[in-house]
Each structure stands twice: as structure tokens, then as C-alpha cells.
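Worksheet: the structure to be examined is printed underneath.
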Amino acid sequence: NIIANLLPSHAQTISVPNLHFGGYHPFYARNPNWAKTKCDEHEHGLFPYGNRLIQDNIKYFTKLSSIAMNHLLKVSKYYPDEFLQNHFKKSLRFIKYKESECNVKISDLIVDNFNSQWLFYTPDHPSRFVMQHVCDQIFARLRLPKSELPENLDWFANHQLPIQPCVSKFFNLKFITPETQYRYDALSGFFNYDEYWTKYLMTAYPEMVAL
């Protein structure tokens, strides 16, 4: 409102909610060791996102042996069905609350497309599909013709946080398979679920790597 009050009286304002949705990532937590890899190129470190299940279980190990690695990867993959459903509902309530006083809405889009379209690559990074929906609403309020975003314009696809197998199975996600490769430009590559979190462990806990 402070900024809006500085605008000319004839200016039209359009409010957009914080595009944050955690429904695909119930394990999401901030990497407690993100600063270890902070640099000019990676302001938030190589792995700003952590994994709550890994962080809760790594305290039981002193070294990242192959046994420890296998255990941490295994426990990171599963949440009870009831928890997943409740987490989805909580995430949806959050975005509905955030958009309640905004012109732009995305909650209905999430409900209609959660299973069929990859809507958020991380809790904070919406896909092109979501951004097209946001832009459509902005253009409509400005009485401008609809404009399709270029196919290659997917701002946040450079960091795809892996989706837990239990989430994919419970919600029957059409766009995720056991072979899915997740793009992560910070490491210049594509990685499956286990590869991604193995690299996370090796980077976030180098002092525990078993030689």
C-alpha cells in the first residue's frame, strides 16, 4: 500500500500473491549447511533446499558410509498417506489465504492440474504453466489480448527439486516416473532422485564423507 499510494490517482494496480506452494515437497526444509558453498555465482549455496527426513536422521551417523547413504536415501522417500493428504490441504489453504485479497488467483489452477501438470519445481519456483495463468489474468485486467509465453521461457526450470516417490504414487502424478531426471543447472546436469540427494549429502556434509 505504501508504494501504491505513491502512484498517480489514475494508475491501475494489480496484486499478485506470493507464488509459494509446497504440495509436491512435504520434506522441504532449508539446507542448514547452505553457507558452506556460498559464492558470488551461488548466493544461497549449491543446495539452498534441504530434506527434513535426511536432516532428522543424519544425527544417528558419524560418517557417510555406503550403509548410511542407503539408509538416508531410503528414509527420505516415504511419508504416510494421511500426512501427504493433510500437507496438500495445508499448502492449498496457505495459497488461498495469500491470494484472498489479490487480483490474481492460482488455487483453482492447482486443484484442477496438480496431478497432470508440473506446477512448481520447488516450493518457491512456479512452472511456465503457472506463469502463463498469472500473465493471462494480468493481461485480462489490463484489457490486453492474451499472449502465449514462448515455449522456451520457463524461468525457474533450472532447479527442479526431486519429488518423493511416495508423493508421486499417492497423488498419481502423471509427469513423474521412477526414471525422471531432475534438471539442476548449479551442477550442470540432470539427476534422478537418488543421484540428486547423494550429491546434496556429499556437498552439505563433506566432513562426514567416509574415505
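The values are calculated or read from the model by the stated rules, or taken from the named source; none is laboratory data. This is a predicted model, so every value here is computed, not measured. So basically every Cβ, Gly included, is an ideal-geometry build from the backbone, and we count neighbours across all protein chains shown. The area values use the complete protein model at the heavy-atom level, side chains included, leaving out ligands, DNA and RNA. Shrake-Rupley method; radii C 1.70, N 1.55, O 1.52, S 1.80 Å.
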message: If you consider only alpha-carbon coordinates, what radius of gyration and Dmax does segment 76-211 have, in Å?
response: 17.4, 63
query: If the cut-off is a Cα-Cα distance under 21 Å, which lysines reach Lys89, setting aside same-chain residues fewer than 8 apart in sequence?
result: Lys77, Lys98, Lys105, Lys169, Lys174
task: Provide Val209, Val167 ordered by accessible surface of protein heavy atoms (probe 1.4 Å), highest first.
output: Val209, Val167
field: FRET efficiency for Val16 and Phe190, using Cβ-Cβ distance with R0 set to 35 Å, rounded to 0.05
entry: 0.70
Cα pair distances exceeding 19 angstrom across segment 4-149, given as percent: 66 percent
query: Hey, how many Å between the Cα centroid of segment 1-72 and the Cα centroid of segment 95-142?
result: 19 Å
- line: Taking only protein heavy atoms and a 1.4 Å probe, the highest-to-lowest accessible-area order of Glu82, Glu101 is Glu101, Glu82
message: Rounded to the nearest 10 Å², what accessible area does Arg128 have for a 1.4 Å probe in the complete protein model?
response: 40 Å²
message: Over the chain, what is the relative contact order in percent, taking alpha-carbon pairs closer than 8 angstrom and at least six residues apart?
response: 26 percent
- prompt: Quick one: accessible area per residue over segment 1-44, 1.4 Å probe, rounded to a whole number of Å²?
  reply: 70 Å²
- prompt: Just the accessible area for Leu187, please: 1.4 Å probe, Å², rounded to the nearest 10?
  reply: 50 Å²
message: At 0.36 nm per residue, and after removing the present C-alpha to C-alpha distance, how many nm does the segment from Asp108 to Lys169 gain when stretched out fully?
response: 19.7 nm
field: About the Cα centre, charge dipole magnitude for segment 164-211 (Lys/Arg +1, Asp/Glu -1 at Cβ), debye
entry: 220 debye
message: Please list Ile176, Ile138 from largest to smallest accessible area, probe radius 1.4 Å, with all protein chains kept in place.
response: Ile138, Ile176
field: Where labels lie 7 Å past Cα in the beta-carbon direction, separation of Arg93 and Ile67 in nm
entry: 4.2 nm
